[in-house]
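Chemist: Submitted below is the structure of interest, expressed as structure tokens.
The values are calculated or read from the model by the stated rules, or taken from the named source; none is laboratory data. Note that the coordinates shown come from a computational prediction; the quantities given were computed from them, not determined experimentally. Note that each Cβ is placed from the backbone with ideal geometry, even for glycine, and that neighbours are counted across all protein chains shown.
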Amino acid sequence: MDYSEILNKPALIGREKELKQLKEMLESMLSGHGGLVFISGEAGIGKTRLIFELRDYALPLGVRFLTGRSLYHEGSDPYLPFIDALREYFKREKHEEAKGDEKISGPIGFIGHVGGLEKMESRSEGAIPLGLLTTMGHDESQKREEIDIRKERDRMFETVLQLIISISKEKPLILFLDDLQWADSASLQLLYYISRNIRETRVLICCTYRPEDLLESEGKAHPLTDTIKRMSRERLFATINLKRLNYEETKKMTQSLLRRDDIPKPLTDLIYDKTEGNPFFVEEVVKSLIEEGMINTKDKGWAEKLDLSNAKVPMTIKDVITRRIDRLDEDSIKALEIAATIGREFTFDVLQKATEMNEETLLDSLDALIAAKLIREESGENEEKYRFDHTSIREVVYNSLSRGKRRMLHRKVGQALELLKKEKLSEVVYNLAYHFSQGMDYERAAQYSMKAGDKAFKSYAPNEALQYYKMAIDALDKLEESIEQKEQKLLILNNMGKICYYSTAWQDGIEYYKQMLALADELKNNLMRAEAYRSMGHIYREKNEWEDAKTNLETAIKISEEIKDQHGLGDAIRGRGWIEWRLGNLEKAIEYFKNALSNAESAGDSRVIASCYIDLGNVYGDKGEFEKAIEYYSKSEKLLEAQGDYFELARVYNNVGETYKEQGMLEKAVEYYEKCIQTSEKSKNMILLAFGYQNCAEVYARM
Ligand SMILES: Nc1ncnc2c1ncn2[C@@H]1O[C@H](COP(=O)(O)OP(=O)(O)O)[C@@H](O)[C@H]1O
Ligand SMILES: [Mg+2]
């Protein structure tokens, strides 16, 4: 059945007030007052449509419109909404032939100049959102032994913010983030960060979500609920809640859908009665009535002949869609089910591999699905791409699958992806982890979830990394016990602990390290035992729980000595010294730091060496031995510069400034505070930047 002759895309019905509010926000954005708006409402109520109306209004005014999808629950990348939007921008930018890129400042100017993301990597000075790059499929070449995700993530957030602001300086920008109920929590944190900093820009962010989908999981609030709560405390957004259409509006929508004014009242009554004015439901019911032959506007006397007495209109959206699907042929249903397993979007090649249908049959099936307005073709660059006409359709199809069938289909999709992407598996690890976990292929699920966890970790998406690591452990637990399996668990637990350490989730961190320790004991793996004790020691140290910190660090030191692990030894002794420093035992602290230094030197561990220099600088400063302090600081300076660690470097400059200030050498102090400012700017270290300015001002006031 081809609807196209009967069914029309309806004009926008109602929504005058909402559109007016959006246009006002657009006006003030255009005059330099950016903002954010949340459009909420149930599935099919018209959230996406409303923003598309705004887009159609705004584009002729010279506004740029970028869209980001949220597909996290289907196994896609953390930060996808932003990656999408930025990709769209860079793609266009390339087409627009680097015109006028001088006027663009910051990283974007550079990218515009060299013409693409791939070149971002070559910019080594720290303005690159490394985490995003990793998710965008560029494997991070620069391997750091330890990455402090919190530091790096803040830096990345600031860079993305600056990127968005510089894009908006070319042309005012509407950033559309659809279906945020399915966004990853890392994106939501980034969104929060950005929303706090766009008040004086020409950026309008439009977000949609379905309140009914903000469910708790594992006793934790949905990440979007948290984000909204935080943002509302700071009054960072406006809201629009979409309600269902009333009777008159439903009638108008039906008229518009059928391109007729003469809609018989019983038909409107029936439609309104069933749908209660949900626009998507209205469309589906009308389609269903057309399919049943109830409505045929091509027949002149249709209105008179209309007999609704035996019209079987289902009561729910689910039923109406299910009924429409039941009318399809077997091949089309098969294609639709596998498509729904892939996700809201799917490509021809994956679908074909997974369905194992021949090309022609599959193309016919896809045509049938398009004609039934269940899916539509998307303009992809070099792949044939499709998407469900509405997310509800995908949900109904997917939810109708039995558990056994779902498992089988996920496995097929996973295998198809694995085959098709065998050259670039790292691009699809999240998808593979998701499909093989759902497919209960535990061997592969474990393998890919682990890699997905690593990738998310590198992309500074800590919660997502933890989720994938948990998935990996769940899968490993389903496999037969073996040494290899336990060793993998050990590595995963260690990474989970690290993530918690850097996200200051102390309690969870201790939990993971305890599990790690138990496993390491069992495996008699002393290196990992030492690492677990050491890491717990560091956590207790951060929590100022000195006794526990000492016990754990000393156990770590003992084990590391036994196995002659100088790297571990350096790090543990340094931690031990830190405690003495904080307790005010400066002599003892110096002794520990010097000991740590010599271990780190024999291990060639330049990161710990640099840290020891800073520590020694700090302690000598506290002792009033300023010259010695500065001597150590400048030793660390050289190392940090060589390592490209501008974050720590800024801290050192600040400390050197402090040391000069203490001595009353104000000129010198200013010199270093200014270095601190410059370096902080380079590394997007906002906290130290603020400190730098404040300290500078203070010293100037005294001069
Ligand atoms: N006010 C409206 N007037 C006419 N059609 C509408 C209206 N709101 C939504 N629709 C149509 O209903 C369908 C569902 O709308 P959509 O924006 O996709 O819903 P949501 O994003 O809230 O799930 C779309 O086909 C859309 O064009
Ligand atoms: Mg929508």
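Chemist: Can you confirm whether Ile687 is of a type in the set (A, V, I, L, M), within 23 Å of Leu161 (Cα to Cα) and surrounded by 17 or more Cβ atoms within 10 Å (Cβ to Cβ)?
Modeler: So Ile687 fails the test.
Chemist: Something else now. Filter segment 646-683 down to residues that are crowded, with 23+ Cβ neighbours inside 10 Å and at positive phi, then give me how many there are.
Modeler: 0
Chemist: If you go through segment 349-392 one residue at a time, how many are closer than 20 Å to Ser70 by Cβ, of a type in the set (Val, Ile, Thr) and touching a strand residue (DSSP E or B) at 6+ places or on another chain (Cβ under 8 Å)?
Modeler: 1
Chemist: If you check every pair at least six apart or on different chains, which have Cβ atoms under 7 Å apart with a residue in segment 205-222 that is in the same structural domain as Leu26 (by TED's automatic domain parsing) first and a residue that is at pLDDT below 90 second?
Modeler: Going by the 7 Å Cβ cut-off, the qualifying pairs are His222/Leu215; His222/Glu216.
Chemist: What are the residues in segment 375-427 that are under 21 Å from Val285 (Cα atoms) and of a type in the set (Val, Ile, Thr), if any?
Modeler: Hits for segment 375-427 are Ile375, Thr391, Ile393, Val396, Val397.
Chemist: Within segment 52-94, restricting attention to residues that are acidic (Asp, Glu) and without any contact (Cβ under 8 Å) to a residue 24 or more places away in the chain, which residue is surrounded by the most Cβ atoms within 10 Å (Cβ to Cβ)? Full working, then the answer.
Modeler: First, the residues of segment 52-94 that are acidic (Asp, Glu): 53, 56, 74, 77, 84, 88, 93.
Remaining after also requiring without any contact (Cβ under 8 Å) to a residue 24 or more places away in the chain: 56, 84, 88, 93.
Working: Asp56: 11, Asp84: 20, Glu88: 15, Glu93: 22.
Restricting to residues being acidic (Asp, Glu) and without any contact (Cβ under 8 Å) to a residue 24 or more places away in the chain, the top hit is Glu93.
Chemist: What are the residues in segment 636-652 that are over 13 Å from Asn618 (Cβ atoms) and either touching a strand residue (DSSP E or B) at 6+ places or on another chain (Cβ under 8 Å) or of a type outside the set (A, V, I, L, M) (or both), if any? Steps first, answer last, please.
Modeler: First, the residues of segment 636-652 that are over 13 Å from Asn618 (Cβ atoms): 637-647, 649-650.
Of everything in segment 636-652, those that are over 13 Å from Asn618 (Cβ atoms) and either touching a strand residue (DSSP E or B) at 6+ places or on another chain (Cβ under 8 Å) or of a type outside the set (A, V, I, L, M) (or both) turn out to be Glu637, Lys638, Glu641, Gln643, Gly644, Asp645, Tyr646, Phe647.
Chemist: So Gly657 passes all but one of these: (1) modelled with pLDDT of 90 or more; (2) touching a Leu at 6+ places or on another chain (Cβ under 9 Å). Which condition number does it fail?
Modeler: Among (1) modelled with pLDDT of 90 or more; (2) touching a Leu at 6+ places or on another chain (Cβ under 9 Å), the lone unmet condition for Gly657 is (2).
Chemist: Going through segment 585-608 one residue at a time, which ones are at pLDDT 95 or above and not polar (S, T, N, Q)?
Modeler: Within segment 585-608, Leu586, Glu587, Lys588, Ala589, Ile590, Glu591, Tyr592, Phe593, Lys594, Ala596, Leu597 meet the criteria.
Chemist: Can you find a residue in segment 254-263 that is within 16 Å of ligand 2 (Cβ to nearest atom) and either free of Cβ contacts under 8 Å to residues at least 24 places away in the same chain or among the acidic types (Asp, Glu) (or both)?
Modeler: no
Chemist: Search segment 29-50 for residues being within 16 Å of ligand 1 (Cβ to nearest atom), surrounded by fewer than 23 Cβ atoms within 10 Å (Cβ to Cβ) and aliphatic (A, V, I, L, M), and hand back the single one that is nearest to Ile194 (Cα to Cα).
Modeler: Ranking the candidates gives Val37 first.
Chemist: Which condition does Thr551 not pass, out of (1) surrounded by 20 or more Cβ atoms within 10 Å (Cβ to Cβ); (2) hydroxyl-bearing (Ser, Thr, Tyr); (3) modelled with pLDDT of 95 or more, if it passes all the others?
Modeler: (1)
Chemist: Further question on the same structure: Let me spell it out: the conditions are (1) surrounded by 15 or more Cβ atoms within 10 Å (Cβ to Cβ); (2) closer than 28 Å to Gln438 by Cα, and Leu479 meets all of them except one. Which number is the exception?
Modeler: Condition not satisfied by Leu479: (1).
Chemist: Okay, next question. Report, ordered by the first and then the second residue, all pairs with beta carbons closer than 6 Å, sequence separation of six or more or different chains, a first member in segment 230-252 that is under 30 Å from Glu283 (Cα atoms), and a second member that is assigned to a strand (DSSP E or B) and within 16 Å of ligand 2 (Cβ to nearest atom).
Modeler: Here the result reads Ala238/Val37; Thr239/Phe38; Ile240/Ile39; Asn241/Ser40, each pair linking segment 230-252 to a residue that is assigned to a strand (DSSP E or B) and within 16 Å of ligand 2 (Cβ to nearest atom).
Residues are listed down the side, and each one gets a yes or a no for (1) assigned by TED's automatic domain parsing to the domain that holds Leu191; (2) within 30 Å of Glu18 (Cα to Cα):
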position: Glu234; (1), (2): yes, yes
position: Gln255; (1), (2): no, yes
position: Ile263; (1), (2): no, yes
position: Tyr272; (1), (2): no, yes
position: Gly277; (1), (2): no, yes
position: Trp302; (1), (2): no, no
position: Lys305; (1), (2): no, no
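Chemist: Any idea which of (1) under 23 Å from Arg235 (Cβ atoms); (2) within 13 Å of ligand 1 (Cβ to nearest atom) is the one Leu26 doesn't satisfy?
Modeler: In the conditions (1) under 23 Å from Arg235 (Cβ atoms); (2) within 13 Å of ligand 1 (Cβ to nearest atom), Leu26 misses (2) alone.
Okay, residues lined up against (1) touching a strand residue (DSSP E or B) at 6+ places or on another chain (Cβ under 6 Å); (2) on the phi > 0 side of the Ramachandran plot; (3) surrounded by 14 or more Cβ atoms within 10 Å (Cβ to Cβ):
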site: Ser232; (1), (2), (3): no, no, no
site: Arg235; (1), (2), (3): no, yes, no
site: Thr239; (1), (2), (3): yes, no, no
site: Lys251; (1), (2), (3): no, no, yes
site: Gln255; (1), (2), (3): no, no, yes
site: Asp262; (1), (2), (3): no, no, no
site: Leu267; (1), (2), (3): no, no, yes
site: Glu276; (1), (2), (3): no, yes, yes
site: Phe280; (1), (2), (3): no, no, yes
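Chemist: Can you tell me which residue is farthest from Lys318 (Cα to Cα) among those in segment 373-397 that are within 14 Å of ligand 1 (Cβ to nearest atom) and aliphatic (A, V, I, L, M)?
Modeler: Filtering segment 373-397 down to residues within 14 Å of ligand 1 (Cβ to nearest atom) leaves 373-376, 387-396.
If we keep only those that are aliphatic (A, V, I, L, M) too, we end up with 374-375, 393, 396.
Details: Leu374: 13, Ile375: 16, Ile393: 8, Val396: 6 Å.
Step by step, filter segment 373-397, then rank; the result is Ile375.
Chemist: Scan segment 235-242 and give yes if some residue there is within 16 Å of ligand 1 (Cβ to nearest atom), under 21 Å from Gly35 (Cα atoms) and not hydrophobic (A, V, I, L, M, F, W, C), otherwise no.
Modeler: The first filter runs over segment 235-242 and keeps only residues within 16 Å of ligand 1 (Cβ to nearest atom), leaving 239-242.
Retained after the next criterion (residues that are under 21 Å from Gly35 (Cα atoms)): 239-242.
When the remaining residues are screened for being not hydrophobic (A, V, I, L, M, F, W, C), the result is 239, 241.
The answer is yes, given that some residue of segment 235-242 is within 16 Å of ligand 1 (Cβ to nearest atom), under 21 Å from Gly35 (Cα atoms) and not hydrophobic (A, V, I, L, M, F, W, C).
Chemist: Got a sec? Which of Ile342, Ile317 is of a type in the set (Val, Ile, Thr) and not assigned by TED's automatic domain parsing to the domain that holds Glu292? Don't jump to the end; show me each part of the working.
Modeler: Working: Ile317 fails: not assigned by TED's automatic domain parsing to the domain that holds Glu292.
Testing whether each residue is of a type in the set (Val, Ile, Thr) and not assigned by TED's automatic domain parsing to the domain that holds Glu292 leaves just Ile342.
Chemist: Being within 14 Å of ligand 1 (Cβ to nearest atom) and not hydrophobic (A, V, I, L, M, F, W, C) is the requirement here; does Thr208 meet it?
Modeler: On the way: within 14 Å of ligand 1 (Cβ to nearest atom): yes; not hydrophobic (A, V, I, L, M, F, W, C): yes.
In short, yes.
Chemist: Filter segment 1-40 down to the residues that are within 16 Å of ligand 2 (Cβ to nearest atom) and either of a type in the set (Val, Ile, Thr) or modelled with pLDDT of 95 or more (or both) and list them by number. So that I can check it myself, show each step before the final result.
Modeler: Going residue by residue through segment 1-40, those that are within 16 Å of ligand 2 (Cβ to nearest atom) are 9-10, 12, 15, 18, 22, 37-40.
Once the filter is applied, which keeps residues that are within 16 Å of ligand 2 (Cβ to nearest atom) and either of a type in the set (Val, Ile, Thr) or modelled with pLDDT of 95 or more (or both), segment 1-40 yields Leu12, Arg15, Glu18, Leu22, Val37, Phe38, Ile39, Ser40.
Chemist: Another question, then. Restricting to segment 266-298, and then to whatever is touching a Lys or Arg at 6+ places or on another chain (Cβ under 8 Å) and small (Gly, Ala, Ser), can you tell me which residue is nearest to ligand 2 (Cβ to nearest atom)?
Modeler: The selected residue is Gly277.
Chemist: Going through Leu54, Leu59 one at a time, which residue ends up being modelled with pLDDT of 95 or more, part of a helix (DSSP H, G or I), under 20 Å from Ile174 (Cβ atoms) and within 16 Å of ligand 1 (Cβ to nearest atom)?
Modeler: On the way: Leu59 fails: within 16 Å of ligand 1 (Cβ to nearest atom).
Leu54 is the lone residue from the list that is modelled with pLDDT of 95 or more, part of a helix (DSSP H, G or I), under 20 Å from Ile174 (Cβ atoms) and within 16 Å of ligand 1 (Cβ to nearest atom).
Chemist: Give all pairs with beta carbons closer than 6 Å in which a residue from segment 557-575 that is over 21 Å from Glu547 (Cβ atoms) meets a residue that is modelled with pLDDT under 95 and assigned to a loop (DSSP other than H, G, I, E, B); count only pairs at least 6 apart in sequence or on separate chains.
Modeler: His567/Asp605; Gly570/Asp605
Chemist: Does Leu71 fit the bill of being within 29 Å of Phe281 (Cα to Cα), within 16 Å of ligand 2 (Cβ to nearest atom) and modelled with pLDDT under 95? Break it down stepwise before answering.
Modeler: On the way: within 29 Å of Phe281 (Cα to Cα): yes; within 16 Å of ligand 2 (Cβ to nearest atom): yes; modelled with pLDDT under 95: yes.
Spelling it out, Leu71 is indeed within 29 Å of Phe281 (Cα to Cα), within 16 Å of ligand 2 (Cβ to nearest atom) and modelled with pLDDT under 95.
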